[in-house]
Amino acid sequence: MNITILTGRFGMGHVKCAQAVEEIIKSNNPNENVSVIDFIDYCFPTINEAIYKSFEMVVFKMSLAYNALAKATDKNSIIPFKSVFMKKIDQMMDEYKPDLVIACLPLCAEYFSEYKRVNNESTPLYVYITDISVHKDWVSDQVDAYFVGDEETRHSLVKRGVSSDIIHTTGIPVSESFFTVMPEKDFNKTQVLIMGGGLGIIPGKDVTLSALNKSKDVNVTIVCGKNEKLLNHVKKHYKNINAIGYCNDIPSLMASSDVIITKPGGITTFEAIKSETPLYIIEPSLEQELENARFIETKQLGKIVYTKEEFSSDDLLRFVNDKKLIDSIKRNMRKVSSYFESSDPVRLYLEAA
């Protein structure tokens, strides 16, 4: 069986989701042939880096414009560069001959759905939604199954006309290493992990870092991703903070931490849930982040500080040192995980067959 997983580097969450799905498939079905494809790299091999750098610039510099664009495209059915994408997907189908296509990026779901519609293509399309919120681009009558993080996402899809029968509440997939790592905590100090995702977007940056740098009661590690400018900035100005670049050992870092300060990306949120590490969210700004933050707040998985001005190291330390609260959050994280279905797409494919 040939399985093609489509993703893209519009934030590393989509890539990590694709990798987690690949891992799940190979763990449960070692004989299956799985290919993970960066859809933008495949379709635009000569200008792919320019496309991704433009996206990063918009997210870094123009979050308000990003939100406005997200809202506008959620109301209008526009498929730009349709002929280009259709030709590339046709090429991909000939090259990989997939029996099942999986989309971990809304762009991939949108364009492969259109390909199915135009060509009367019968290859099943499974979609893994990587946030709690649902944008129009995820939704199509050509999708054969949805895998979602929470019942709230299921309800949003149903409101958009999707049959509840094809929606599976699995949690957002994360690497199996988050299930197996045993924490090694330093109980002499509070262990704080700051994560900015692959793009290194740190919530409340200097306000947060300055407060933590002065505190003698915490050990702080910051993961800057591929943001070398941030890495150098932290090393130069915050001597008491351990700054590292892109890291492949996030499961161990999470397991050894008492709290994670981060932006509320979908993947990061569910990695924290699996690690049972409470979340401390500062200044969510993008539309999908705000929805994820509301999910964290509703399920009581951590604390949301909606503006950087509200942040203080004293408040953070009160949060992590409140053992009763932390134990309650950990129980809530276990409770959230307890109702998930299997996220193995091959199992569903075989059941459908």
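The values are calculated or read from the model by the stated rules, or taken from the named source; none is laboratory data. This structure is a prediction, so every number in the text was calculated from the model and none was measured. Positions of Cβ are backbone-derived with ideal geometry, glycine not excepted, and every protein chain shown enters the neighbour counts. These area figures cover heavy atoms from the full protein model, side chains too; ligands, DNA and RNA do not enter into them. Shrake-Rupley method; radii C 1.70, N 1.55, O 1.52, S 1.80 Å.
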Taking a crude spin-label model, label points 7 Å out from Cα along the C-beta direction, the Arg347 to Asp141 distance in nm is 3.1 nm
At most 13 other C-beta atoms within 10 Å and a DSSP loop state: those are the exposed trypsin sites (Lys or Arg not before Pro) I care about. Give me the longest piece of the chain that has none. 240-353
How would you classify the chain from its alpha-carbon gyration tensor, with a ≥ b ≥ c the square roots of the eigenvalues: rounded for a/c under 1.5, else prolate if a/b is greater than b/c, otherwise oblate? prolate
Mind checking the range 272-353 for chymotrypsin sites (Phe, Trp or Tyr not before Pro) that DSSP puts in a loop (not H, G, I, E or B) and that have at most 12 other Cβ atoms within 10 Å? Tyr339
For the chain, the dipole about the Cα centre with charges only on Cβ (Lys and Arg +1, Asp and Glu -1), to the nearest 20 debye, works out at 1060 debye
Amide proton proximity set for Gly245, modelled H, under 5 Å, gap of 5+: Cys224
Amide proton proximity set for Ile282, modelled H, under 5 Å, gap of 5+: Thr262, Val305
What distance in nm separates the two pseudo spin-label positions at Leu325 and Ser122, each 7 Å out from Cα along the beta-carbon direction? 5.8 nm
Solvent-accessible area per residue for the range 267-350 at a 1.4 Å probe radius, Å²? 46 Å²
Using only helices, what value at 222 nm comes out for the chain when you add -39,500 (n - 2.57) per DSSP H run of length 4 or more and divide by the total residues, to the nearest 500 deg cm²/dmol? -14500 deg cm²/dmol
Of every hundred units of 1.4 Å-probe accessible area on the chain, the number belonging to carbon and sulfur atoms, as a percent, is 50 percent
In order through the range 83-93: 3J(HN,Hα) via Karplus (6.51 cos²θ - 1.76 cosθ + 1.60), integer Hz, x for Gly, Pro: 5, 4, 5, 4, 5, 5, 5, 4, 4, 4, 5
Violations at 26 Å Cα threshold for listed pairs Lys53/Lys274; Lys159/Lys226; Lys189/Lys330 -> Lys53/Lys274; Lys159/Lys226
